[in-house]
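To start, the structure itself, in structure tokens.
The values are calculated or read from the model by the stated rules, or taken from the named source; none is laboratory data. Note that the structure is a prediction, hence the values are computed from the model and not measured. As a convention, Cβ positions derive from the backbone with ideal geometry for all residues, glycine included, and neighbour counts pool all protein chains shown.
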Amino acid sequence: MSLNIKHLLGLKDVPKNDIQLILDTATTFREVLERPIKKVPTLKGTTIVNLFYENSTRTRLSFELAEKRLSADTLNFTTSNSSTKKGETFKDTVRNIEAMKIDMIVVRHQSAGVPHYLTKISNASIINAGDGRHEHPTQALLDMYSIREKIGKLNNLNVCIVGDISHSRVALSNIFGLITMGAKVSVCAPPTMLPKNIEQFGVKIFHDINKAVAENDVVNVLRIQLERDAGNTIPSLREYHNYFGITGDVIERNNKDILILHPGPINRGVEISSEVADGPYQIILDQVTNGVAIRMAVLYLLGTMN
Amino acid sequence: MNVKAKIIDEDGLKRTITRLAHEILERNKGSENIILIGMRTRGEFLANRIQKKIEEIDNSKPELGILDATLYRDDFRTRLKQPEVSVTDITFDINEKDIILIDDVLYTGRTARASLDAIMDLGRPSTIQFCVLVDRGHREMPIKADFVGKNIPTSIHEEIKVKMKEIDDEDAVYLVESPN
């Protein structure tokens, strides 16, 4: 069993077998993370560069930890202290890093399509850690893994993504991945936060949070991304919270069996209340733990491929 | 499967497992401090049967774990097919225990080497003893089994196929012609 894909650029064209294999393999690594020595020698001698052109806490730490748990050698590149400031082009930076004999690149960039471009200028195996508003495949994989771990299946499950869909790469990757796995996906947001023609992906649209919570098994709550101009699409954060925020009240009134996910970082009191973010319906910190296992699985499957 | 000989049949396997269980108990003076660890896939079923036999003889049941040493292998870059990983299931403490590592066939010794490394990452057992159903020779590592069901000298163009009812349709050990 090995993957059909050579790079993880997005979940759009990843076949079901591959997603299944990644999720199953992550179970193995989940067990490794419970051991006293949380490290296996599998990627000894493999060099991985984390190329981060955009800020990140969770994803960067999670990838770095996953790489170290697999005994790979890691290099970290962040724009703030690099030669990008001296005027070096992206292509030259990558060529230079590659001349140091590296095997894999984990890339995050503010522009969509950068991971795809990397596959054309580099021989390394490329993993997308978030590109602009496009995709964030490992986040969607860990979301799917966490749902499957909790509920036991993805097929025929009703999953609603709530929040700033048009600015969200997490939403797009989740939509592609979940639909491939047979889930019924919907989105819930004010019309200004929905991209045009989102229905063409086969998702249902809600504009009422009560209905969305009542009619779904899982709600994945997205962060309102102030740094990506979300302020222009809603009158105020308080109004967003009043109409679309997930609160204890919304859950108790509509569906006490709901499972709440949030990819982090959380804006408490905006898209989710503290009561819910710390309460019994959510698995936000499980998602973080599972994230390391999912990234180990992806690195293992792509890194040991011949 | 081009069979050259049936080396162990169902009754033979039963007797072999009985003898291995007795030998393990004799060497360790009972089952008090021992832990059985089966190596996926058939080592797991073998360990299961040895556990039952030990319980029959000694009236106490040693703990049983399952080890998947795939992540510790040395041939990721040379094999054509990516090996499938599965979960290690050892939920108890192995420190200061006598571990009986159980596998179906001992060949190059590379899987045993990987298993030893995997176990060392789980704790510090007092001893690790190695029990195999068939030792077919051709070692590439300095590894020797403590308990051997049957020594079968083979050529490298042959293979040993162990069949167990848990996943196959019979209990038997065959010597077969290697397909490549």
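Below, the figures for the structure above:
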quantity: A:GLY269 vs. criteria within 14 Å of chain B (Cβ to nearest Cβ), over 18 Å from the mean Cα position of the chain (by Cα) and over 17 Å from A:ASP143 (Cα atoms); calculated: no
quantity: Residue satisfying condition, being over 30 Å from A:MET305 (Cβ atoms) and free of Cβ contacts under 8 Å to residues at least 60 places away in the same chain, within set A:ALA183, A:ALA189, A:ALA99; calculated: A:ALA189
quantity: Filtered residue count, the stretch B:126-143, keeping only those that are within 23 Å of B:VAL85 (Cβ to Cβ) and in a loop (DSSP other than H, G, I, E, B); calculated: 3
quantity: Residue selected from the stretch A:65-124 under the condition acidic (Asp, Glu) and assigned to a helix (DSSP H, G or I), by the criterion farthest from the chain's Cα centre (by Cα); calculated: A:ASP92
quantity: Filter result (touching a Phe, Trp or Tyr at 6+ places or on another chain (Cβ under 7 Å) and either free of Cβ contacts under 8 Å to residues at least 12 places away in the same chain or within 22 Å of A:ILE151 (Cβ to Cβ) (or both)) within the stretch A:251-270; calculated: A:ILE251, A:ILE258, A:LEU259, A:ILE260
quantity: Some residue of the stretch B:144-155 being of a type outside the set (A, V, I, L, M), in contact (Cβ under 8 Å) with a residue 60 or more places away in the chain, closer than 16 Å to B:THR16 by Cα and assigned to a loop (DSSP other than H, G, I, E, B); calculated: yes
quantity: Among residues of the stretch B:101-124, those that are assigned to a helix (DSSP H, G or I), more than 10 Å from chain A (Cβ to nearest Cβ) and not hydroxyl-bearing (Ser, Thr, Tyr), counted; calculated: 5
quantity: From A:THR89, A:THR74, residue being touching a residue at least 24 places away in the same chain (Cβ under 8 Å) and among the β-branched types (Val, Ile, Thr); calculated: A:THR74
quantity: Verdict on A:ASP24 being within 14 Å of another protein chain (Cβ to nearest Cβ) and of a type in the set (Asp, Glu); calculated: yes
quantity: Helices (runs of 4 or more DSSP H) fully within the stretch A:229-282 counting 3 or more residues that are within 22 Å of A:ALA171 (Cβ to Cβ); calculated: A:237-244, A:248-254
quantity: Residue list for the stretch A:1-58, filter: in contact with a Pro (Cβ under 6 Å, 6 or more places away or on another chain) and aliphatic (A, V, I, L, M); calculated: A:LEU8, A:LEU9, A:LEU11
quantity: Count - residues of the stretch B:120-153 that are over 12 Å from the mean Cα position of the chain (by Cα) and under 17 Å from B:ILE99 (Cβ atoms); calculated: 11
quantity: Which numbered condition A:ASP73 fails, given (1) within 18 Å of A:ARG108 (Cβ to Cβ); (2) more than 14 Å from chain B (Cβ to nearest Cβ); calculated: (1)
quantity: Only listed residue being in a strand (DSSP E or B) and either away from chain A (no Cβ under 11 Å) or at pLDDT below 95 (or both), chosen from B:LEU20, B:LEU36; calculated: B:LEU36
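Residues are listed down the side, and each one gets a yes or a no for (1) within 13 Å of chain A (Cβ to nearest Cβ); (2) crowded, with 22+ Cβ neighbours inside 10 Å; (3) of a type in the set (A, V, I, L, M, F, W, C):
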position	(1), (2), (3)
B:GLU44	no, yes, no
B:LYS53	no, no, no
B:LYS61	no, no, no
B:ASP75	yes, no, no
B:ILE99	no, yes, yes
B:SER126	no, no, no
B:GLN129	no, no, no
B:HIS138	no, no, no
